[in-house]
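Undergrad: Just dropping this structure here.
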């Protein structure tokens, strides 16, 4: 098995970690608390890839997922990192 | 007014197990005798209908709470079982517990380390917020680990194999364990340890997924049985005066009788064998009392042979408490009757029979402003008519301030109207213009339930405009529909604004119109506009006359001294003044390059400023699901304009079809003798081609196709030849079926049927198939005994050379039925499967909603989608699912037409099936698929709505 970075695969949307500031701004924009976000597990391959890339990701942080959308061109979603 | 519910929230639901103590504590009476009523009809003390458990007859009082029938909710009683019995609902858990604990000391069969590990896993899962299924899996895993031990790690006792003999007998190495023994063992888990004379640790139970505070394992073996209140199992008094008991009561009688006999026999010291038999019988009765469909035992039956409906049966399935009573409610103010068409009604209207209108009411509150009006209304009584005997609304009930309902009669009408006061509520009968909801099952999309305006009419059916058939998927072969009268002002306003038929012309399903012309409306509009026919003044008046007054006829043209009216000009009456659109009509021949304005088939539709300049109106213009003009009007000019257009266009269409006359019959498929001969020749050639291929195959000379076996190659080649032959015969037959032919008019305009249907009637039916392959099953190596074994020719494998008109030979008929059967099975399977899928989807999505900020959230406020549909576009307002129609905007701005889009997605028309419009890929196996075909749908099943 050749190891490769899942985030580089064309079918995997881009994942980026939000800074605490960005995260707060986002939560404020939607008027929600963290628990109302969709979740993603820390052991998700994409999060693992981010960690491999040197990011320090812990439970409670938020990732921004930008994917190509058939109807909207680009669509943005946010997910809260939770433990496995 | 009923006070609104208090603002309380359910934070959680906790399930616990009933202990025998609890059963006795909550019991109002101990039931000891199986009798119900005495000779005078009063409940027997300590019997199954004892008044301590509530009352069902009016007049009697409950002996526990003193309440009467309506006040007393009923109270539980209990039966003390002479011997313990196993609760069927817990057999799986009992088995697990027995297998994973020591038979002697009762400890969990795990070493200290294993226990620590299991506890650690459990804690971890708890912290990470695992749900019940996660815990269930973990519990099962631990239980399995424990049950593999053969020697108890604590007392060293050898463990034996516990098996479950369904439904409720446990065996240890083949020896039966009585429920009593089972119970003793269960008590030992986390109970006193006989070997150490200490109490076993509670943690053992926790590891096995049981909270010892609320559920002790020994409670899974019953020693006391709760008896539900009589209100839960009321007896019915028949007209003959006989009492008929509820199924639950019957079952409890059985339990009590056997319980009594068991106790007597045991106390009298009867032989062990007899006691055991009775014990087993008691187990049977208690088991069936819980679940009468337990596998492995015969269901308990009523004297008539009907299986009893016991506890589980009351709850489970479609007719159970949950789906039938809690998820589904029955309503008042509703009506149901047969439907029939009425082209004179607006699409927003529904015709309601007088008889129904008299029963259906709308509550109106009496105010200072309407006092006089309401008084007059009440005074009329219940069945008022005007001087011509026409319906007038009356009043059925007056609800006084104290909530009492006064039923109106002819006698008290006058008096009641006098004492009418402000604040009272009057239930008025339906009136023309009221808003009601109209519905046809199955309610598959939101257009299955729309708001209509009432029109009270003679005769006993509900009537509506034919353009509304497609969204309801209704026809008039006996269909019935439901009607609900809205009761509140908010409901009426909402219904009118959101649910009115005209507001639903555009469908969120595909961003196009779901309503529109069908069948003869399409034929009629085609005949009105195709190649611009000429109509005399009389005919023109005939066509226009149903539009009502205020119609200005277009300017007549004069040719050879005679004046005539152009059909296209007449049609233009329906168009809004500033409408501009052009598109290809249904009759378009799909030439390689479109000549547009110079189309020789009159298929290029061009409308400028509300004037049909060229082209033919057909399904593509105003038809349901396809109507481009209807779509554009609804989008650009609003729903009212769309409704008006549809109504005017269909009326014109009916006028046109009635002026010209239209009929079709079997001789529309007549073709000349020569054509028949040509077709026969083509088929013969094809068949001999097939034979050549078969011969080549037999001799092994066939060129094998890459990736296919020899057989497959042959099949593909044969299918290709026969498919081509079928198409050619169709084409040949088509040459003789011109546009003057009624059947062709219907097919080409998109009113009904397809050219494929016609070519099957006039040319050749073609290859029959099951699972996409030529027919092959039946006898050894052949389909029917009429053929030689191994015959791979066309006729032997289901190629039907006949046409429907000439009739099929017996073998062909049989093959055709085989193909047809597959279609029927497919539809049956499809409907049940898609129904279940839809149910699950609905349950999953029912409480999601789009918030003002565009996010989709559930009731907890959790975000499901950050933008509705990722683009935030309302599919109803989308153009065939796309957010923007650039072509349309360009035409608007630049004032010129863009190139006709070749990627227009065709939407399946009304009554058509997916495969009718499917474009078959070149190499594909072409077979006829009858399916549950539109033509036969519901044909004979009058009264059927499904």
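Undergrad: When the convex hull of the Cα atoms of chain B is projected onto a plane and the area is averaged over all directions, what value comes out in nm²? Working shown, then result.
TA: Values: hull surface 236.8 nm².
Computed as one quarter of the Cα hull surface, the answer is 59.2 nm².
Undergrad: Contact order normalised by length for chain B, with contacts defined as Cα pairs under 8 Å and 6 or more residues apart; what percent is it?
TA: On the way: 1542 pairs, mean separation 76.3, N = 946.
The value is 8 percent.
Undergrad: What's the percent breakdown of Cα-Cα distances in the protein assembly as shown across 20 Å bins, shortest bin first?
TA: It works out to 9, 25, 33, 26, 7, 0, 0, in whole percents.
Undergrad: What is the distance in Å between the Cα centres of the range B:25-103 and the range A:21-72?
TA: If we compute the Cα centre of each part, the gap is 56 Å.
Undergrad: Using a 10 Å cut-off around each Cβ, can you sort B:76, B:438 from fewest to most neighbouring Cβ atoms?
TA: Numbers: B:76 19, B:438 24.
Starting with the residue having the fewest Cβ neighbours, the order is B:76, B:438.
Undergrad: While we're here: If N is the number of residues in the range B:520-660, what value comes out of its Cα radius of gyration divided by 2.2 N^0.38 Å?
TA: On the way: Rg = 14.4 Å, N = 141, 2.2 N^0.38 = 14.4 Å.
Compared with the compact-globule rule of thumb, the range B:520-660 sits at 1.00.
Undergrad: If one computes the Cα centroid of the range B:482-511 and of the range B:764-818, what distance in Å separates the two points?
TA: 51 Å
Undergrad: Please rank B:718, A:42, B:694, fewest neighbouring Cβ atoms within 10 Å first, as an exposure proxy. Walk me through the numbers on the way to the answer.
TA: Working: B:718 25, A:42 16, B:694 21.
With the fewest neighbours first, B:718, A:42, B:694 line up as A:42, B:694, B:718.
Undergrad: Averaging sequence separations of C-alpha pairs under 8 Å and six or more residues apart, then dividing by the length of the range B:519-603, give the relative contact order as a whole percent. Don't jump to the answer; show the numbers that get you there.
TA: Details: 58 pairs, mean separation 24.8, N = 85.
It comes to 29 percent, rounded to a whole number.
Undergrad: To continue, here is another question. Note the angle between two axes, namely the Cα long axis of helix B:91-100 and the longest principal axis of the Cα atoms of chain B, as a number of degrees from 0 to 90, rounded to the nearest 10.
TA: 60 degrees
Undergrad: Next question, about the same structure. From the C-alpha coordinates alone, can you work out the Kirkwood hydrodynamic radius of the range B:386-479, in Å?
TA: Values: mean 1/r = 0.0606 Å⁻¹.
One over the average 1/r among Cα pairs gives 16.5 Å for the range B:386-479.
Undergrad: Rounded to two decimals, what is Rg over Rh for the range B:334-507 when you use alpha-carbon atoms and the Kirkwood radius?
TA: Numbers: Rg = 17.2 Å, Rh = 17.0 Å.
Checking Rg against Rh, the ratio lands at 1.01.
Undergrad: Could you list A:14, B:572, B:327 in order of exposure, starting from the residue whose Cβ has the fewest other Cβ atoms within 10 Å?
TA: Values: A:14 13, B:572 20, B:327 10.
Ordered by Cβ neighbours within 10 Å, fewest first: B:327, A:14, B:572.
Undergrad: According to the Cα gyration tensor, what semi-axes, each the square root of 5 times an eigenvalue, does the equivalent ellipsoid of the range A:6-82 have, listed from largest to smallest in whole Å? Write down the numbers at each step before the final one.
TA: On the way: eigenvalues 73, 61, 20 Å².
Largest first, the range A:6-82 gives 19, 18, 10 Å.
Undergrad: Between the alpha-carbon centers of the range B:221-294 and the range B:425-460, tell me the distance in whole angstrom.
TA: 51 Å
Undergrad: In the range B:89-106, whose amide N lies under 14 Å from the spot 7 Å out along Cα-to-Cβ of residue B:316? List them in ranges.
TA: The answer is B:89-91, whose backbone nitrogens lie closer than 14 Å to the label point.
Undergrad: Dividing the alpha-carbon radius of gyration of the range B:666-808 by 2.2 N^0.38 Å (N being the number of residues), what value is obtained? Before the final figure, lay out each step's value.
TA: Numbers: Rg = 16.9 Å, N = 143, 2.2 N^0.38 = 14.5 Å.
The range B:666-808 yields a ratio of 1.17.
Undergrad: If each DSSP helix of 4+ residues adds -39,500 (n - 2.57) and the sum is divided by the residues in chain B, what number results at 222 nm, nearest 500 deg cm²/dmol? All intermediate terms of the calculation are to be shown ahead of the outcome.
TA: Values: 27 runs with 315 residues, N = 946.
Rounded to the nearest 500, it is -10500 deg cm²/dmol.
Read the figures in this text as sums done on the coordinates, not as results from a lab. Predicted model only: the values in this text are computed from it and were never measured. All Cβ positions, glycine included, derive from the backbone under ideal geometry; neighbour counts span all protein chains shown.
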